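**Q** Input: one structure, supplied below.
The values are calculated or read from the model by the stated rules, or taken from the named source; none is laboratory data. Since we're looking at a predicted model, the values are computed, not measured. Ideal geometry is used to build each Cβ from the backbone, glycine not excepted, and the neighbour counts take in all protein chains shown.
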């Protein structure tokens, strides 16, 4: 997913703890575009997580998933992967569970609330 500056800024404004800094766009020309991963990086707390999505195939390499089915979050930055119910939901080892365990209930509430726009 790619977002133009006006939509990316609109999403940023909904984030309660946004510090006013905009990350560099992933694509610069012919016009600046930001990715959906960059949007989620604004909302993710400082957690580390490795999780497989529902469509992960057992034969895929562990260091790189060509189908983007392995979710890797390092220091609150989504490195690779696509969020789905398994990686975001209320199950053990999901983003919500790890955020609760590593950062506490307030950070979990803020993270969930920031995605509801």
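**Q** From the list 55, 34, exactly one residue is surrounded by fewer than 19 Cβ atoms within 10 Å (Cβ to Cβ) and either more than 14 Å from the chain's Cα centre (by Cα) or in the same structural domain as residue 9 (by TED's automatic domain parsing) (or both). Which is it?
**A** Exactly one residue qualifies, and that residue is 55.
**Q** Looking only at the stretch 77-101, filter to residues that are part of a strand (DSSP E or B) and in contact with a strand residue (DSSP E or B) (Cβ under 6 Å, 6 or more places away or on another chain); which one of those is surrounded by the most Cβ atoms within 10 Å (Cβ to Cβ)?
**A** By that ranking, first place goes to 80.
**Q** Tally up the residues in the stretch 46-76 that are touching a strand residue (DSSP E or B) at 6+ places or on another chain (Cβ under 8 Å) and farther than 28 Å from residue 24 by Cβ, please.
**A** The number of residues fulfilling the criteria is 4.
**Q** For residues in the stretch 95-117 being at pLDDT 90 or above and within 12 Å of the chain's Cα centre (by Cα), which is farthest from residue 40 (Cα to Cα)?
**A** Among residues in the stretch 95-117 that are at pLDDT 90 or above and within 12 Å of the chain's Cα centre (by Cα), the one farthest from residue 40 (Cα to Cα) is 96.
**Q** Would you be able to say whether some residue in the stretch 65-76 is assigned to a loop (DSSP other than H, G, I, E, B), at positive phi, under 15 Å from the mean Cα position of the chain (by Cα) and surrounded by 16 or more Cβ atoms within 10 Å (Cβ to Cβ)? Steps first, answer last, please.
**A** Initial filter on the stretch 65-76 (assigned to a loop (DSSP other than H, G, I, E, B)): 65-69, 75-76.
Still in the list and also at positive phi: 68, 75-76.
If we keep only those that are under 15 Å from the mean Cα position of the chain (by Cα) as well, we get 68, 75-76.
Then drop every residue that is not surrounded by 16 or more Cβ atoms within 10 Å (Cβ to Cβ), which leaves 76.
Scanning the stretch 65-76, I find at least one residue that is assigned to a loop (DSSP other than H, G, I, E, B), at positive phi, under 15 Å from the mean Cα position of the chain (by Cα) and surrounded by 16 or more Cβ atoms within 10 Å (Cβ to Cβ), so the answer is yes.
**Q** Which of the residues belonging to the stretch 17-45 are in contact with a strand residue (DSSP E or B) (Cβ under 9 Å, 6 or more places away or on another chain), part of a loop (DSSP other than H, G, I, E, B) and closer than 17 Å to residue 113 by Cα?
**A** 44
**Q** Pairs under 6 Å by beta carbon, first residue farther than 16 Å from residue 41 by Cβ in the stretch 1-17, partner not in a helix (DSSP H, G or I), six or more apart or different chains?
**A** 5/32
**Q** Restricting attention to the stretch 46-64, and to residues there that are modelled with pLDDT of 90 or more and in a loop (DSSP other than H, G, I, E, B), which single residue is farthest from residue 19 (Cα to Cα)?
**A** Checking each candidate, the answer is 48.
**Q** When you look at residue 27, is it under 16 Å from the mean Cα position of the chain (by Cα) and either surrounded by fewer than 18 Cβ atoms within 10 Å (Cβ to Cβ) or under 20 Å from residue 103 (Cβ atoms) (or both), yes or no?
**A** no
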